[in-house]
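First the structure, in the form of structure tokens, and then the observations on it.
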2 protein chains.
Amino acid sequence: MHQNFILAHSWSIIEEGYEPERFKSSESLFSLGNGAMGQRANFEEFYSGPSFQGSYIGGVYYPDKTKVGWWKNGYPEYFAKVLNAPSWIGIDFYVNDDLFDLNTCLGVQNFKRELNMKSGYLSRSFECVTMKGIRLKVEALRFLSMTENELGVISYRVTALDQAIEIRFEPYLDSGIKNQDSNWDDDFWKTTSVSYQNGRSYILAQTLKTDFKTCTYMYCELHVDQKKSQFDILSKEDTSIRAASGVQIEKGQTAQFYKYGGYTTSLNHNEDGLVQAADYCIDTAISKGFKVLFAEQEEAWANIWAKSDIVIEGDVKAQQGIRFNIFHLNQTYSGKDARLNIGPKGFTGEKYGGSTYWDTEAYCLPFYMLTKNQDVARNLLVYRYNHLDRAKENAKKLGFNSGAALYPMVTMNGEECHNEWEITFEEIHRNGAIAFAIYNYVRFTGDFNYLKEMGMEVLIGIARFWKQRVHYSQAKNAYVMLGVTGPNEYENNVNNNWYTNYIAKWCLEYTLTQLHKLRDGALEEYDRIRGICALTEFELEQWGEIADQMYFPYSDEHQIYLQQDGFLDKQLQLVSELQSDQRPINQKWSWDRILRSPYIKQADVLQGFYFFEDHFSLEELERHYNFYEPFTVHESSLSPCIHSIQAAKLGKMDQAYDFYLRTSRLDLDDYNKEVEEGLHITSMAGTWLSIIEGFGGLRMENDKLSLRPQIPEQWDSYRFKINFRGRIISVHVDCNSVELHLKSDIPMSLRVFDKKIELAPNKTIKV
Amino acid sequence: MHQNFILAHSWSIIEEGYEPERFKSSESLFSLGNGAMGQRANFEEFYSGPSFQGSYIGGVYYPDKTKVGWWKNGYPEYFAKVLNAPSWIGIDFYVNDDLFDLNTCLGVQNFKRELNMKSGYLSRSFECVTMKGIRLKVEALRFLSMTENELGVISYRVTALDQAIEIRFEPYLDSGIKNQDSNWDDDFWKTTSVSYQNGRSYILAQTLKTDFKTCTYMYCELHVDQKKSQFDILSKEDTSIRAASGVQIEKGQTAQFYKYGGYTTSLNHNEDGLVQAADYCIDTAISKGFKVLFAEQEEAWANIWAKSDIVIEGDVKAQQGIRFNIFHLNQTYSGKDARLNIGPKGFTGEKYGGSTYWDTEAYCLPFYMLTKNQDVARNLLVYRYNHLDRAKENAKKLGFNSGAALYPMVTMNGEECHNEWEITFEEIHRNGAIAFAIYNYVRFTGDFNYLKEMGMEVLIGIARFWKQRVHYSQAKNAYVMLGVTGPNEYENNVNNNWYTNYIAKWCLEYTLTQLHKLRDGALEEYDRIRGICALTEFELEQWGEIADQMYFPYSDEHQIYLQQDGFLDKQLQLVSELQSDQRPINQKWSWDRILRSPYIKQADVLQGFYFFEDHFSLEELERHYNFYEPFTVHESSLSPCIHSIQAAKLGKMDQAYDFYLRTSRLDLDDYNKEVEEGLHITSMAGTWLSIIEGFGGLRMENDKLSLRPQIPEQWDSYRFKINFRGRIISVHVDCNSVELHLKSDIPMSLRVFDKKIELAPNKTIKV
């Protein structure tokens, strides 16, 4: 059974009832982020029950010493960890001198938590009876400002329900924090200063080894009715600072507490100016006040939804799922800073180190590209361009030369930081995804300048890598690629993984094509790039020869491309023949058993058919889908979305809908029983794809948008928006018709069901 | 360049000259052991220069918490470590109250270290000038008694060369020791008692987690001329105890110090009786005294050499090499205790955890079987029989059932304790070596009782494993075995490793044959074993079917069996085409590059041809040798010996000799630049094989010994002995003739160059 305590609601994630055993899951689900920092839904006040504390700052990481059984040449020295950062949210309070702890209350009623996705805030409220028998009502509301991205805001209200009480608030900052995920239990942070001035508190702390400097700050206000109380510093320890303010409230009266806090870091400020920068944030908070900041937050989210909302009528769970996905994608990455990227768990947990994977290029790019302004997606590409030199160093470390680039499987700063040989050294398909993202970006945006300015250099480095990674096999009379791990990580060190061979061939061809285009259309640029890269004609010939003679394993019997050499030697039992107590196999089976089984974590042949669908006929797709889907266990969060898209294309709408639900509610319903650790942020982009490309049938065809909308029978209608080259196009689909609306001053044409449609500015058209 | 400071000498390993940078290497090379305990050649006295301290007790290990990047189901919880044990050898001395430290002496002359292999002791002597300008001569001699195996003996002599001095000896015990090889820097030892009584010192210490209880003890004597001095306790700390005795010696006079020490453990004694057992050792030492103990040591080694010596005339380096190998094999394993086994580094270092590998069955067994009494080799087999239940648990943990047994790749107590998936889960060929050892033992000894009593159960467990590990491939119309790592560990997770498939097939056939023999010859035993194992006729049929239809990759073009599926797709460059700065590839190349290269760590196809040579013609052997040898980099210490044997068989005596030198002097000449870490003990048995089976051509043929001796042109003659079923047969080979001598009361026949020869008791015969 999946988790099912989240109430169905179209715009909010709601938890009702006080059930501490699900709090760690809730802390993930209700996480907040604003692209620059993030915060799990930990309580502000002291709580002795279960909790997994997490505060994160985008781009601040620690290079934890790696641990492996036996060291292998080429392993990176460290594994980059996203860091649990100093905590700024803490607000302890005392009732008549007793520390309040919800966990020891005699009774808790009307406990409710809500993640309001429309306006971008988290609220929590409850009534309770303390151990001393005092009845209180607590209402907390918090958000991380989308407009002031170094600022977080908390409104915290305590109401005395039955009797007058003395209440004392003790807001604090704490840099004495630990990572749960730490290889050697090293300290990751060093606190250099704890200070207090004019009611403002600051902790200066820096990461060990990486030396990121941070200032965690807070400023508080306490109001009862119109009366405002003073805060005094209460204590200053090595790694914490605590202020205090007490007040008496009568029965029925409310103490209204505000806390403003957050981080300023050396990523964005002069090292010596962190306190000054924090002061600027506090000044802003004071001058705007809670109400204005909250209104700005609502407006910022309204602007986001205006470009990216998807409305589903007639299926609240599906509606909630897609908004949850879109909401978290926006919380994780704002696209303002090309040094940042999208970690698989975003700001919701420590796992996967907060690092960048191929997920960004293969899954996330289209979401940001079609729901944001163009510069956001461009920044994702610039990120990799900025890492090109390190990708070349990485390739050199593994024995490649002459400007070959191998992008890392896992990275924070361009260096590889993962150390399992079958992944780090062999999962080289990531290089292909980075090239594909360039192609995908350019075809959607038409931004050919990116190619000239940066993209060609990246493509050349990647092409050189593939050239050296293959060799000509006399036995096969073709170029082969041995010893790789494909996206299907349930196979390691295989020969001729079809997906990897295919994307390598495509990279070589695409690079050649773009070079030729450049030569024919912008000779000066062509010569400049040739010069920078010391490119020779002979290299280009070699690339062409390899692309033409690449080997692809194929079964004449099944008329399908084989996932890798020898796939048909396996014992070809279907997933349907697996007993349910054997799943998920990655929790039940030893690794060798998984490897020699036919079971597929994510079907990489189908991933290839997804990327390059115009290279294959519908019949070929159907044959491959029918062959591989029955072996696929979908134990990668990145798997169901692709199958949903392809099932939709093949008219298998029931399957498409099932896969959609699975991907969109993966975390809400906790399919993999691990949501405590954080959310699957990158696969959320896949959910979006499964509506836009799957049900909506959106494609680029000959530099034009094309749609082939379908609708699952469970839905009455759905509506999505995309931002295409500066125009917002809304698509509304119900069982009978498709309505299009163009928000733009310039008309445009597109194809719907292969019919050319002209869209007039700011008009709706029914197809 | 290889290391070359060891002086060539036929019976001793000699180091001359004071060169501290080679001391860690010497500490390995000059190690002592007596099968029960071992000791690196660390100095007795304080030394502030480079040193790698190591004292080891057979069978005493620590289950160190494992470290892996990502945990995989089926991994063992721990990695067993041989432990650096409390030190008993320490003897600090003070000259006129200054602590003596060779490292700070003003001059050192005539420094000499000798491992006397004939008599089994280590001696060391030097003359030096202390920082205060005092000239001394020091002579240390130490041995671990082969007769009293809990007792070590040190004679330590200091002579005042130029002037009278006050000398104070401070012998000590120290349990405050660390392992260099430790995953988490945990303490491995807990000291429970430090005590002193009647001039005797004891430290009781136990291993954490495994709770092995040990008593480290010492008793000392100090003589000057005929005068004996008293020892007093000097200090007693938490983890050390130190006694002291001072004396004045005149110019030219010698202080003669004796230290007796060692370990008694809960492996062999009641926990409460460890001090009493230590007292028994001390009583023995006192009553026998140094001279008697030394004479016993000489005698014990004379007895060992009488059965196992190999004499090579005309090639001192080759002579020294083989004796060095035989000597260390005898120091490592005495065969008295079936709980012990042979770690790849014996008692000479911490690496490989001191655990048992397939090396024992594949390489070591023949040495002990043919140079010792039969019960020694039998004990090696009993060791695995005693672990059968754990091998079944191990198989179950990996998903196998019904009594399948998978012996661990690395073990201390029968449990698997290694955690790299490609080795732990995939290097399953070890199961075959364990079955082969049973076959090998029985054919040489004729001890069929072992099969009935224990061996059949082991074979049935192994056969059941293979049955479940293969499956029928429709594509190949045969049984295949996917996802294995063969003895050539430079390939991981391959399909149909020829060696593994072949030994699996052989195991099934051998088990069936022995079962049928039993059924036909000892029905009662057969029924008993069938009952114990719940064996069914159907199972036996299945085994036969699998053995008959096993798949073996084969190249029609080359007429050779392929190492694994797809081997010919590799870029087939030869080792001779590799630049020397690229070697050893395991230090120069990343793991993926090694894996996709054709280069072979040890050629497992040739290993199979070695085990099963009577299944293949000489032409087939030559074809396979000529194909695989040029790809073999011999980066496993177990590789050159097999090539030496096969080169000899093929008449390629130059190659055979080169491989012989490489294997026999691997450590003496430090081919792999790692002798500091310890010696390659198990491959030393391979050296012995390369003379006996390689040059000597010894085989078992139809229950008879057979010899086809050859001699390398570098040698004048060689002589070896084997103990065959209780008879000692000496074989002397020179360029012209072969002489045989039988030491036995009963005549026997054997074959030499396919001629039947009758050996009369205690007579020499020339062939």
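With no solvent and one point on each alpha carbon, what is the Debye value of log10 I(q)/I(0) for segment B:373-572 at q = 0.09, 0.11 Å⁻¹?
For segment B:373-572, the Cα-only Debye profile gives -0.34, -0.51.
Starting from the Cα of A:Gln276, step 7 Å along the direction of its Cβ; do the same at A:Gln230; then give the gap between the two resulting points in nm.
3.0
Determine the alpha carbon to alpha carbon distance for each of B:Lys505/B:Lys704; A:Lys65/B:Lys65; A:Lys476/A:Lys570; A:Lys372/A:Lys704 and list only those over 23 Å.
Working: B:Lys505/B:Lys704 26 Å; A:Lys65/B:Lys65 17 Å; A:Lys476/A:Lys570 21 Å; A:Lys372/A:Lys704 19 Å.
Where the Cα-Cα span goes over 23 Å, the pairs concerned are B:Lys505/B:Lys704.
Per the helix-only calculation at 222 nm, which mean residue ellipticity applies to the protein assembly as shown, given -39500 (n - 2.57) for every DSSP H run of n ≥ 4 and division by its residues, nearest 500 deg cm²/dmol?
Values: 38 runs with 463 residues, N = 1534.
Estimated from H runs of four or more residues: -9500 deg cm²/dmol.
For segment A:216-228, just list the computed ³J(HN,Hα) in residue order, Karplus coefficients 6.51, -1.76 and 1.60, θ = phi - 60°, integers in Hz, with x standing in for Gly and Pro.
My calculation for segment A:216-228 gives 9, 9, 8, 8, 10, 9, 10, 10, 10, 6, 8, 8, 10 Hz in order.
Two decimals, Cα atoms only, Kirkwood Rh: what is Rg/Rh over segment B:114-181?
On the way: Rg = 15.7 Å, Rh = 14.8 Å.
Value, to two decimals: 1.06.
Pairs A:Lys112/A:Lys336; A:Lys67/A:Lys673; B:Lys72/B:Lys467; A:Lys673/B:Lys178: which are spaced more than 32 Å apart, C-alpha to C-alpha? Provide the component values of the computation, followed by the final result.
Numbers: A:Lys112/A:Lys336 34 Å; A:Lys67/A:Lys673 26 Å; B:Lys72/B:Lys467 24 Å; A:Lys673/B:Lys178 41 Å.
Those over the limit are A:Lys112/A:Lys336; A:Lys673/B:Lys178.
I'd like the trypsin sites (Lys or Arg not before Pro) in segment B:594-624 restricted to DSSP loop residues with at most 11 other Cβ atoms within 10 Å, sorted by number.
Numbers: sites: B:Arg596, B:Lys601, B:Arg623; in loops: B:Lys601.
Answer in residue order: no site qualifies.
So if I restrict to the alpha-carbon atoms in segment B:660-767, what is the Rg, and what is Dmax, the biggest pairwise distance, in Å?
Spelled out, the Cα radius of gyration and Dmax of segment B:660-767 are 16.1, 49 Å.
At q = 0.08, 0.09 Å⁻¹, what base-10 log of I(q)/I(0) does the Debye formula yield for segment B:32-305 when every alpha carbon is treated as an equal point scatterer in vacuo?
-0.35, -0.44
So which chymotrypsin sites (Phe, Trp or Tyr not before Pro) in segment A:221-320 end up in coil per DSSP with only 15 or fewer other C-beta atoms within 10 Å? Intermediate values should be presented prior to the final figure.
Values: sites: A:Phe231, A:Phe257, A:Tyr258, A:Tyr260, A:Tyr263, A:Tyr280, A:Phe290, A:Phe294, A:Trp301, A:Trp305; in loops: A:Phe231.
Counting only loop positions with at most 15 other Cβ atoms within 10 Å, none of the chymotrypsin sites (Phe, Trp or Tyr not before Pro) in segment A:221-320 qualifies.
For a quick check: with amide H placed at 1.01 Å from N, whose amide H comes under 5 Å from B:Leu208's, ignoring anything fewer than 5 positions away on the same chain?
Long-range HN contacts for B:Leu208: B:Trp189, B:Lys190.
Pull up the cross-link candidates among the aspartates and glutamates for B:Lys137, meaning alpha carbon to alpha carbon under 14 Å and not fewer than 8 places away within one chain.
The reachable aspartates and glutamates, counting only those whose Cα sits under 14 Å from B:Lys137, are B:Glu45, B:Asp101, B:Glu127, B:Asp162, B:Glu250.
Could you give the C-alpha radius of gyration of segment A:498-554 expressed as a fraction of 2.2 N^0.38 Å, taking N as the number of residues it contains?
On the way: Rg = 13.0 Å, N = 57, 2.2 N^0.38 = 10.2 Å.
Against the compact-globule rule of thumb, the ratio is 1.27.
Once the mean 1/r over all distinct Cα pairs of segment B:223-378 is inverted, what Kirkwood radius in angstroms do you read off? If you can, show how the numbers build up before the last one.
On the way: mean 1/r = 0.0507 Å⁻¹.
The Cα-based Kirkwood calculation yields 19.7 Å.
Compute the separation of the alpha-carbon centres of segment B:561-607 and segment A:286-325 and state it in Å as a whole number.
58
Tell me which aspartates and glutamates have Cα within less than 19 Å of A:Lys317's Cα, excluding those fewer than 8 residues away on the same chain?
The reachable aspartates and glutamates, counting only those whose Cα sits under 19 Å from A:Lys317, are A:Glu15, A:Glu16, A:Glu114, A:Asp309, A:Asp654, A:Asp658, A:Asp667, A:Asp669, A:Asp670, A:Glu713, A:Asp716, A:Asp734.
Calculate, axis by axis, the spread of Cα positions in segment A:603-665 along the three principal axes, and write the results as whole Å, longest axis first.
That works out to 32, 21, 19 Å along the principal axes.
Rounding to the nearest 10 and keeping the result within 0 to 90°, find how far the Cα-based axis of helix A:274-308 lies from the longest principal axis of chain A.
Orientation of helix A:274-308: about 60 degrees from the principal axis.
In square nanometres, what is the average projected area of the Cα convex hull of segment B:547-656? Don't jump to the answer; show the numbers that get you there.
Numbers: hull surface 31.5 nm².
The number I arrive at for segment B:547-656 is 7.9 nm².
What does chain B give for Rg and for Dmax, in Å, if only its C-alpha atoms count?
27.2, 89
Roughly what angle does helix A:639-649 make with the longest principal axis of chain A, taking Cα atoms, 0 to 90 degrees, to the nearest 10?
In chain A, helix A:639-649 runs at an angle near 60 degrees to the longest axis.
Which net charge results for the neighbourhood of B:Asn401, defined as the other residues with beta-carbon distances under 15 angstrom from its beta-carbon, given Lys and Arg at +1 and Asp and Glu at -1? Spell out each step's value before the answer.
On the way: positive: A:Lys588, A:Arg593, B:Lys392, B:Lys396, B:Lys397, B:Arg464, B:Lys467, B:Arg469; negative: A:Asp581, B:Asp389, B:Glu393, B:Glu539.
For residues surrounding B:Asn401, the net value is +4.
So which cysteines of chain B have no other cysteine's Cβ under 4.7 Å from theirs?
Within chain B, the cysteines lacking a partner Cβ under 4.7 Å are B:Cys215, B:Cys220, B:Cys281, B:Cys364, B:Cys417, B:Cys507, B:Cys533, B:Cys641, B:Cys735.
Compute the long axis of helix B:388-397 from its Cα atoms, compare it with the longest principal axis of the Cα atoms of chain B, and write down the angle in degrees, 0 to 90, nearest 10.
70
On average, how much area does the Cα convex hull of segment A:170-217 cover when viewed from any direction, in nm²?
4.0
Just for the Cα atoms in the protein assembly as shown, what are the lengths along the principal axes, largest first, rounded to whole Å?
Each principal axis gives a Cα extent; for the protein assembly as shown these are 115, 77, 73 Å.
Starting from segment A:678-732, pick out the trypsin sites (Lys or Arg not before Pro) whose DSSP state is loop and whose Cβ has at most 16 other Cβ atoms within 10 Å.
A:Arg725
Computed from the coordinates by the stated procedures, all read-outs in this text should not be read as laboratory data. Predicted model only: the values in this text are computed from it and were never measured. Glycine gets a Cβ as well: all are built from the backbone with ideal geometry, and neighbour counts include every protein chain shown.
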